[in-house]
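The values are calculated or read from the model by the stated rules, or taken from the named source; none is laboratory data. In this text, all values refer to a predicted model and were calculated from it rather than measured experimentally. For neighbour counting, all protein chains shown are included, and Cβ atoms are generated from backbone atoms with ideal geometry for every residue, glycine included. We work out accessible area using only protein heavy atoms, side chains counted, and drop any ligands, DNA or RNA first. Shrake-Rupley method; radii C 1.70, N 1.55, O 1.52, S 1.80 Å.
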Amino acid sequence: QKEVEQNSGPLSVPEGAIASLNCTYSDRGSQSFFWYRQYSGKSPELIMSIYSNGDKEDGRFTAQLNKASQYVSLLIRDSQPSDSATYLCAGGRNNFNKFYFGSGTKLNVKP
Amino acid sequence: NAGVTQTPKFQVLKTGQSMTLQCAQDMNHNSMYWYRQDPGMGLRLIYYSASEGTTDKGEVPNGYNVSRLNKREFSLRLESAAPSQTSVYFCATQHGGSNQPQHFGDGTRLSIL
């Protein structure tokens, strides 16, 4: 079992819809979670960080964390074709080498 | 505003050749990491350095060596390149412990023939 699991997709949504990306993790000691966006041929770019249970909103992005269920999600409202990318979920605890990436979910937003 | 700088951006090697991938950061972060990313696979940790003067193996260290030259620079060396090492290599930095985000360079695309 991988420490962070994501559905590889692709997840296809129409332009303007809400895209919902999900991630589960196995290390109950993980304290912090991050969402990265990776365009094809580019490096991962940090888009959201979440450290406590609940929701965190930043523009069109909302990250949700449920530590009891070991579940992290990213909602993208009013999805745009420019949101088409692979989204990586990551989690970490305050020990070095305890930072895990999921394999990523590919999102396609269709015009 | 360079952040994390990787050189070179592209490289083609022949089997058995050696080379060093360079990573430099101006973020004043203590920790630095080397990953490889292959098509259809996620990021796999090769080596990391929690602080200047220390290095540790990650998930896939075989065939690689690293040097943390100073706080800013962390290099990855392939002593005898093999086709299986064809990949995209990313350097990342992190401030403090693993409860902080990592920040990535643009990557080095390495092909070994």
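Points to keep in mind about this one:
- With the simple model of a label 7 Å out from the Cα in the direction of the Cβ, A:R28 to B:L69 spans 4.6 nm.
- Å² of accessible area per residue within chain B, as computed with a 1.4 Å probe and no ligands counted: 45 Å²
- Expressed in units of 2.2 N^0.38 Å, where N is the residue count, the Cα radius of gyration of chain B is 0.99.
- Chains A and B, summed buried accessible surface - 1.4 Å probe, Å², nearest 100: 1700 Å²
- Chain A shape via C-alpha gyration tensor axes, a/c threshold 1.5: prolate
- Sum of side-chain charges, B:T7 neighbourhood, beta-carbon under 15 Å (Lys, Arg +1; Asp, Glu -1): +1
- Projecting the Cα positions of A:G91, B:M32, B:A81 onto the charge dipole of the protein assembly as shown (unit charges on Cβ atoms of Lys, Arg, Asp and Glu, taken about the Cα centre) puts B:A81 furthest along the positive direction.
- Calculated from backbone phi, Karplus (6.51, -1.76, 1.60) coupling profile of segment A:69-77 in Hz, x at Gly/Pro: 8, 6, 9, 10, 9, 10, 9, 10, 8
- Members of segment A:40-56 that become less accessible by 50 Å² or more once partner protein chains are added (1.4 angstrom probe, chain alone as reference): A:S43, A:P44
- Cross-link pairs exceeding 22 Å between alpha carbons, from the set A:K2/A:K98; A:K2/B:K57; A:K67/A:K106; A:K2/A:K106: A:K67/A:K106.
- For the protein assembly as shown: rounded, prolate or oblate by the Cα gyration tensor [a/c cutoff 1.5]: prolate
- Relative contact order for chain B, counting Cα pairs under 8 Å that sit 6 or more residues apart, in percent: 36 percent
- Point-to-point label distance, B:E79-A:N94, nm (Cα→Cβ direction, 7 Å offset): 3.8 nm
- Calculated FRET efficiency for the pair A:S12/A:D55, C-beta based, R₀ 35 Å, to 0.05: 0.90
- Apportionment of accessible area to carbon and sulfur, chain A, percent (1.4 Å): 45 percent
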